[in-house]
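What follows draws every value from the coordinates through simple rules; no lab data is involved. No experiment lies behind these values; they were computed from the predicted model shown. For neighbour counting, all protein chains shown are included, and Cβ atoms are generated from backbone atoms with ideal geometry for every residue, glycine included.
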RNA sequence: CGGGGCGUGGCUCAGUCCGGUAGAGCGCUGCGUUCGGGACGCAGAGGUCCCCGGUUCAAAUCCGGGCGCCCCGACCA
């Protein structure tokens, strides 16, 4: 499992004097976050436009190492590597509806023959399309194909350096099965492969249940790197291990079970917010319910889009989880409603309630805790009045009842009841059980033992390579620069020559050759017009795991100095032992990254 | 798409309020000195001041429009 090819004839060495990609003393004013700034300063990446980056040789070597790890782990679970186009004809995506369902995030263009084309955001369509012609029989299943390919998504806002970009490299794999049990197995295989990948690149990953988003399908997990700079919020239970993205996180509440009392209208002058209402009466926000208004985009049977107001009702002390509203109602899109749009429903903002409102006026969605809690306080749809003892089912109805409230720090775990912890995370990878949505849309069928034609069950699994590298950089760095793990670092060793004397220079040159011949990957700082301080600073910044110094002083002391980037004192090693000592260090540093 | 900030040499930035010869530090080139944690001296190169238009005798600076980049939010595999 070692990254290094001791027996290979390939020699991997690079002179700093000719390295394409200089170090920067000061970070360009492009980023706030550490990994971005360091990758720029160390000469790994450069930005070409918002969210569009070039990988300079150092980053590219790291990415290829990551890619190789991914390849090995995918091959290990039966994957076959292929390569699918980045440019797709619109027809494919029209057949799965995603041409219409996805907004400007999809980059489109028209070719010279006036055909609609797009830049692929992902490759389910292409895989399903090819499966239709390549897979005919149950005997050809299960199958697993994967690629490492460029994706383009014109995000509304790219940010965070390599964390959220518009063009990026992704490993995407697609499983093909005859039934859901087969899909389940391949899904599980990916789950385990992702854990191995995390271990091999040295990145702690937390698997969380996640929303399926534009992919469709049912079950999905995201593999998260937990960090304050993460864009996603996660709910974790330290007690039982429950982990979920905030978008789908479940939690437990124990609403008070009182007997329903008669509803009555009360005067509440000026109390247009939950807080004001709580102050006015001896109640807590949990005794109230509020409505959050959205306007949803829906599709009718004719395939026409239309908008309708969505009224989401949650307890006054909780927040609405928009994703869950979207999932419950089946809305393509939800946006906050304007005051006028709310007024059209007959409800009064600040004093709104579903009581006495025509069910057709809006789509009412009620959180299950509201539905389970009798005697809540809601608006009376009249300024300065509220209703007491409102009960779901008795006083009003709803189109949907379900989990709607967003999880929060300290909420009770739905599995074990202990307190949930909220953290931030970056989504490095994900796995989806798609089902038959794409295969049905694109006619990817096979014939089973009984001779009947059935759709292929698909799964889709992604890992962002650049994002993974950025997370590794984020995890492994200090004030002086990067401290990359051996499995990801572009070279194993940086060899620094501090040669005033001609002999020292010759020794360093010879050692550069010797090390590379021994299969050690070396970045050799051969610059003769640069002071030692600069070389040390640059070496620290680039963050290769091992540093070897050959200088007039070290030779006088009897050899070369060997030191780890991440802590550890420098030690003198006789030149004849250097190859062996480095290989020992290399194995030591690689060991915890092997599985 | 809403809010905020920025755009001047390769990089970091000053100059803009109050119009009048385009600057500093770092980097780069040459020579010399230095040489184990971002050395120093001397000499030098390098700029459509984001773009277009307007005002003015005169615009980096004022006015209008556009573009780009960063951050927050909304959004999003």
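Quick look at the numbers
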item	result
Projected label distance in nm at residue A:103 and residue A:584, using a 7 Å step from Cα toward the beta-carbon	6.1
Centroid-to-centroid separation of the stretch A:439-502 and the stretch A:532-595 [C-alpha atoms, Å]	27
Share, in percent, of DSSP beta bridges within chain A that are antiparallel, nearest 5	80
Burial ordering of A:52, A:357, A:274, A:377, fewest other beta-carbon atoms within 10 Å first	A:52, A:357, A:274, A:377
Modelled FRET efficiency - R0 30 Å, residue A:552 with residue A:46, Cβ distances, 0.05 increments	0.25
In range of the label at residue A:86: residues from the stretch A:27-66 whose backbone nitrogen is under 14 Å from the point 7 Å along Cα→Cβ	A:48-49, A:52-55
FRET efficiency, residue A:276 to residue A:399 (Cβ-Cβ, R0 41 Å, nearest 0.05)	0.90
Contour excess over end-to-end distance, with Cα ends at residue A:453 and residue A:231 and 0.36 nm allotted per residue	75.6 nm
Solvent-free Debye scattering, log10 I(q)/I(0), computed from the Cα coordinates of the stretch A:264-402 at q = 0.11, 0.13, 0.20 Å⁻¹	-0.37, -0.51, -1.18
Prolate/oblate/rounded label for the stretch A:298-351 (Cα gyration tensor, a/c 1.5)	oblate
Extension gain, residue A:94 back to residue A:32 (0.36 nm per residue minus Cα-Cα distance, nm)	18.4 nm
Zone of residue A:372's modelled label, taken as backbone nitrogen in the stretch A:244-283 under 16 Å from a point 7 Å along Cα→Cβ	A:249-259
Beta bridge orientation in the stretch A:264-402: antiparallel %, DSSP, nearest 5	70
Folded to 0 to 90 degrees: helix A:124-134 orientation relative to chain A principal axis, Cα	80
Ordering of A:578-587, A:76-85 by packing [mean C-beta count within 10 Å, highest first]	A:578-587, A:76-85
Extension gain, residue A:530 back to residue A:518 (0.36 nm per residue minus Cα-Cα distance, nm)	1.5 nm
Where labels lie 7 Å past Cα in the beta-carbon direction, separation of residue A:137 and residue A:503 in nm	7.5
C-alpha long axis of helix A:532-542 to longest principal axis of chain A, angle in °	40
Sequence ranges A:153-163, A:393-403, ranked by mean other-Cβ count within 10 angstrom, highest first	A:153-163, A:393-403
Inter-label distance, nm, simple model (7 Å from Cα along the C-beta direction), residue A:60/residue A:25	2.9
On Cα atoms only, tilt of A:502-517 relative to the major axis of chain A in degrees	60
At q = 0.09 Å⁻¹, base-10 log of I(q)/I(0) for chain A (Debye sum, equal scatterers on each alpha carbon)	-0.84
Residue A:285/residue A:572 FRET efficiency (R0 51 Å; Cβ-Cβ; nearest 0.05)	0.15
Translational D in µm²/s for the stretch A:18-70 (Stokes-Einstein at 25 °C, 0.890 mPa s, Kirkwood Rh from C-alpha pairs)	210
Mean Cβ count within 10 Å, highest first, over the residues of peptides A:225-233, A:186-194	A:186-194, A:225-233
Relative contact order (percent, whole number), the stretch A:264-402, Cα cutoff 8 Å, 6+ residue spacing	28
Gap separating the Cα centres of the stretch A:198-247 and the stretch A:257-310, nearest whole Å	31
